[in-house]
Structures are given as structure tokens and as C-alpha cells.
Amino acid sequence: MANIFIGGAWPYANGSLHLGRLASLLPGDVLARYFRSKGEQVLYVSGSDCHGTPVAVQAHHQGVSPGDIADRYHQEFSECFKQLGFTYDLYTRTDQPFHHHVVQELFISLLDNGFLYKKATQQTYCETDQRFLPDRYVEGICPVCRNRARGDQCDFCSTLLDPADLTDKTCKICGNPPVERPTEHYYLALSQFQAELTKYAAEAVGWKENAVQLTGRYLKEGLQDRAVTRDLSWGVDVPIEGFEDKKIYVWIEAVSGYLSASKQWSAETGGSWESFWLKDRENRTAYYVHGKDNIPFHTVIWPAILSGVGNLHLPDRIISCEYMTLEGKKFSTSNNWAVWVPDILSRYQPDSIRYFLISNGPEKRDTDFSWREFIHSHNGELLGAFGNFVNRTLAFIDKAFEGHVPEGNLSNDWNRTLEDLYLESGALIEAGHLKEAIELIFAHVRQGNKFFDEQKPWSQIKGNRKACGNTLYSCVQIIANLSNLLDPFIPFSCEKIRKFLLLEHPVWRLVSVPANRQIHNLELLFDRIDVSRIEEETSLLEKQKL
């Protein structure tokens, strides 16, 4: 049995999730469901990033405490993930004592091992607001691409920045130009890991191409030491005398949540976090699932921290998606140009959302969400192909065979086809090629429909009831296995099928349904969405735009 760790990105608890962000998170649940069906030991964790500057910014705008904002959105995230069928072993939050303790332990370990050092530096200070500014509170012109950027990272060219790098700086709070004032902070000696991380990246297998390219660029440019503390009032305390008025910087603290969540899961369940994390443990693989904007934190920063602490396993597979746009334009939370997850969940089935974001998501390149494509995807693929095959097969049995699976034999060709499908689609999923995997499985959904049409059970029943029974028996076996194969992607409809056929939990191997088993509580898997909804939804989207 293999130990599979899956770390899902930690969304900032400063506002509702939109579909673009969800698209980068969903692959984690697909992987977790798949590996569990294989019988592997899975630990799938994530949580809400409650200390990020975006949380503090949102709290400032609303005149409430950062904790109030974090509470609100953590609860909303948890409910959304539950409705979408995410199977986290633990979904936690960074503003908890357990997380704080683990982060402080890592800080002390890095300090004791000689990878942290104190340095006096100039930091951006706003004289209007009388405060040192966190990096995200500083905006200016990126020195690399000349676009407007934040003080921590440029969204246009992905360059990691320091506020001092920017020109034409302004304070995000008041809009006035800030000044520089001296302060003392701890720095992570990233430059000491240059050779080690270059070798690590060169030997990496299973990274998405964007991760390979972007990480290669950072390493080629040369790793720069970075501050790991900041003059903030919200975050994890620095466990060093004389630094009581400072916090551990969120970029080192948030990624540490993967380890703190694993240890918290272990403390709460009695499970072994060590099996997934210690270097001397065998047969374990670590997947990290996130968006393109988070690549350097998972391929450079986090590996450096783990190496600096020692005896901890580095990331193996980097599942980093590209960007998703909305009706041809970039998602914009400030302009309310977004499809918010709580909103779409209130009107559409979670499987419809999951299917679209995997089959049409930004796995290898930027893709677009449009209401037209979403609704046609549901009607054409989920309902028209999969739902149609399942419902017409089982409804025929219900009518012609009193709801009992007829006698029959699945042909050797179909047995081989399904066995190969488990192997081929499983290999694609493990490699992070989820879009190819679901396309391959749906090609066999269409093959099942073609088999039904070619056998013509509606004609067979009139002259050869046994042949009709064999056709339907074969279709039931195909459906049962499709419910296993598709469960990682569209679990709610696959669970319905297992209830129809009295099947156990999904397994990643060939299964069969015995003849004479009665079909239970048959219902439609999917309802058709009226195409008039396309215009309604696009109109609502335009109206909500600020």
C-alpha cells in the first residue's frame, strides 16, 4: 500500500471563491478519490489562509477585525467544499493555535540549522497611516514587465518582488506615496539552496510544464534571500525575544500549513503523519495542487524550508493549472466580474460544475468559462451521453424484466476494453492529466451507447428475449464499471448508480453485477437545463458587474 499525500492550495479567507480559483483546487479531490479507490493510504489536507494580507485589507475596508473576515469565509469555503463533494481528510485554518505552534517550530529549526539570519533593512512605511506596510499593501510598477504590480509578486510576469523593487509606489490603503524606514527582520538564506534546488528541479518527474519553466527561470536568475518576518499585527508570533511586535511572514507561514494540517490530522485521528512526511519512509508520493500563481512557493520556497529543517520529504508531483477567464475576460473580484461558487451551487448540480472544470479547465493552457459552453456541456455530455446510456438501460430493464438484471455474459472484448480503461485512465490521473482521462472514459461512454444502439434491445425483446437480456446484462456491467471510473470526477451521479445497482464503495478494478439483482429506486441522473438559461445567466453577469 502506497502513502499518497495531497496538499490542496489554501484559499485566502477574504472573499467568496470564484470558479477560476475552484478550477485550481478541484484536481486535488479527483486525485484523492482515485487513490482511495485503488486502496492506497491517502492524506488530503488544506485549509483557509486566514493571515494573508488580503484578509487584513478586506477587514480594513469593512471596519471589522481580520478574525471576523476569516471566520465568515472559512465557514463559507467549508460549506462549498462539502456541497462539491471534496473529501479532505482535514480542512483547517491558519489562525489556529496548532498551526501557530508548528510554524514556530519550523522557524526555530531553520534558525538552529543556520538558515535564518537577522538583517537591518529599509521597509516601506506610510506616514499617512502611521504604519509599516505589508508587501501587498504596496503597489507600483514592476521592474521586469512594467505593468502595475503588488509588492510581493507581479501577476503579469510572475516575478517575485520586494516593495523596494517597484517604482511609482503607492499605499494601497490611502493611495499616497510611502517612504522607507529602517527596521530589523529575519531572512531565509534561500541563496544557500541554489545548488540543491537546481538539482532537485532537474530531477523532478511529474511537474506540469508551467512549473518546470517558471522554476527554471527563478533558478537561472539566482535565488535571493527573503525576509521571513514582517511588522504586522495579524499573524503568527515570531518566537524570538525582541521581535514581539512582528509576525512570521505569510509566504513562509501559509505553505507550512501542509505540515501543520498533517500533524493536526494525526493528533485528532491517531493516524501517522510521519508515513507521509519523513524521508526514511518508503513508498510515498506527495502531490501539490494549486494555480500557476503559486508555483514558486511550492517548487522553491517550500522545498527550501523542508530541506532546511531536514529529514522531510519534498514535493514529488506539481499539479499547477493555468488561468481561467470568464466570457473571454479575466476574473476580477474588484469589478465583480466573476461566477461565485456559492451562487452557482445554488442553481446547478455539483457534478455539472466538476465535469466542466475538469473537461474544459485550464489544465495545460488558459481556458474560458462561458455559460453557453457550461450548459451545452451538461446537456450534451453528462445528460446526452452518460445519463442517457444509464437511464435508458436501467429503465428498459425496469419495464421489460421487472427491474431485475437479466441473465447474460459480458464478451471478452468488453472485458479487455474495460480492464485496459482502468489501466490507461489511471495512469493519466496519476500523471495529473485529468482532462485526457475523463475524455478517454467518456469515449467509452459513447462506445457503450453505440453498443446499445447496434444491439437494438427494443427489437430483440420481440423475437429473442435471451439476446435482449444479454445486451442489457452487458450494458449493466459497463455502467457499473463506468461508475467506478467516473467517481473521482462526478461522484454524486456515480453514487446514485451504485445505489441503483446495490454496489459497494468505488474500487479501481473490474466489477460485475450478478444476474437477477433488482434495481432500486431508479431516477434520472441529470435533468436537462433549458438553453434559455444561457441568456439569463449572461445577462445577470453583466448586471452584477461594477
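The values are calculated or read from the model by the stated rules, or taken from the named source; none is laboratory data. Worth saying up front: this structure is predicted, and the values here are computed from it rather than measured. Note: ideal-geometry Cβ built from the backbone for every residue, glycine included; neighbour counts use all protein chains shown. These area figures cover heavy atoms from the full protein model, side chains too; ligands, DNA and RNA do not enter into them. Shrake-Rupley method; radii C 1.70, N 1.55, O 1.52, S 1.80 Å.
Think of it this way: in the chain, 50, 80, 174, 321, 468, 475, 494 stand alone, with no other Cys Cβ under 4.7 Å. Charged neighbours of residue 538, selected by a Cβ distance under 9 Å, balance to -4 (K, R count +1; D, E count -1). The residues 536, 282, sorted by heavy-atom accessible surface at 1.4 Å with ligands and nucleic acids left out, run 282, 536 from largest to smallest.
What shape does segment 378-435 have by the C-alpha gyration tensor, where a ≥ b ≥ c are the square roots of the eigenvalues, rounded means a/c under 1.5, and otherwise prolate means a/b greater than b/c and oblate the rest? Walk me through the intermediate numbers first.
Working: a/c = 3.78, a/b = 1.48, b/c = 2.55.
Cα axes put segment 378-435 in the oblate bin.
Here segment 388-458 has 48 percent of its accessible surface on carbon and sulfur atoms, given a 1.4 Å probe and all protein chains in place. Excluding ligands, DNA and RNA, the accessible surface per residue across segment 466-546 is 49 Å² with a 1.4 Å probe. Of the whole protein surface, residue 244 contributes about 130 Å² of accessible area at a 1.4 Å probe radius.
Short-range pairs are left out: with C-alpha atoms under 8 Å and at least six residues apart, the relative contact order of the chain is 16 percent.
Counting only protein chain heavy atoms and rolling a 1.4 Å probe, the accessible areas of 290, 100, 505 rank, largest first, as 505, 100, 290. Which shape class applies to segment 403-454: rounded if a/c is under 1.5, otherwise prolate when a/b exceeds b/c and oblate if not, where a ≥ b ≥ c are the square roots of the Cα gyration tensor eigenvalues? Because a/c hits 1.5 or more and a/b exceeds b/c, segment 403-454 counts as prolate. DSSP beta bridges fully contained in segment 194-342 are about 55 percent antiparallel.
Summing charges over all other residues whose Cβ lies under 10 Å from the Cβ of residue 88, with Lys and Arg as +1 and Asp and Glu as -1, gives -1. Using alpha carbons only, the radius of gyration of segment 29-165 set against its Kirkwood radius gives Rg/Rh = 1.04. Summarised as an ellipsoid, the chain has semi-axes of 49, 26, 19 Å, derived from the eigenvalues of the Cα gyration tensor scaled by 5 and square-rooted, with the largest first.
About its Cα centre, the dipole of the chain is roughly 1200 debye, where the only charges are +1 on Lys and Arg Cβ and -1 on Asp and Glu Cβ. Calculated on the Cα set of segment 335-407, radius of gyration then Dmax: 17.0, 60 Å. Report summary: the helix-based calculation at 222 nm, which adds -39500 (n - 2.57) for every DSSP H run with n ≥ 4 and divides by the residues of the chain, gives -14000 deg cm²/dmol. Sequence-ordered 3J(HN,Hα) estimates for segment 387-396 from the Karplus curve with 6.51, -1.76 and 1.60 and θ = phi - 60° stand at x, 5, 4, 5, 6, 6, 5, 6, 5, 5 Hz, glycine and proline given as x. When a/c reaches 1.5 or more, the comparison of a/b and b/c decides; with that in mind, is segment 118-255 rounded, prolate or oblate per its Cα gyration tensor? It is oblate, given that a/c is not under 1.5 and a/b is not larger than b/c. Kirkwood's formula applied to the C-alpha pairs of segment 8-100 gives a hydrodynamic radius of 13.9 angstrom.
Enclosing the Cα atoms of segment 302-425 in their convex hull gives a volume equal to 227 cubic angstrom per residue.
Order the following by accessible area, largest value first: 507, 212. Probe radius 1.4 Å; ligands, DNA and RNA are ignored.
Listed by decreasing accessible area, they come as 212, 507.
Net charge in the neighbourhood of residue 341 (other residues with Cβ under 9 Å of its Cβ; Lys, Arg +1, Asp, Glu -1) is -1.
For segment 46-53, 3J(HN,Hα) computed residue by residue from phi via the Karplus equation (6.51, -1.76, 1.60; θ = phi - 60°) reads 5, x, 8, 7, 8, 9, x, 3 Hz, glycine and proline entered as x.
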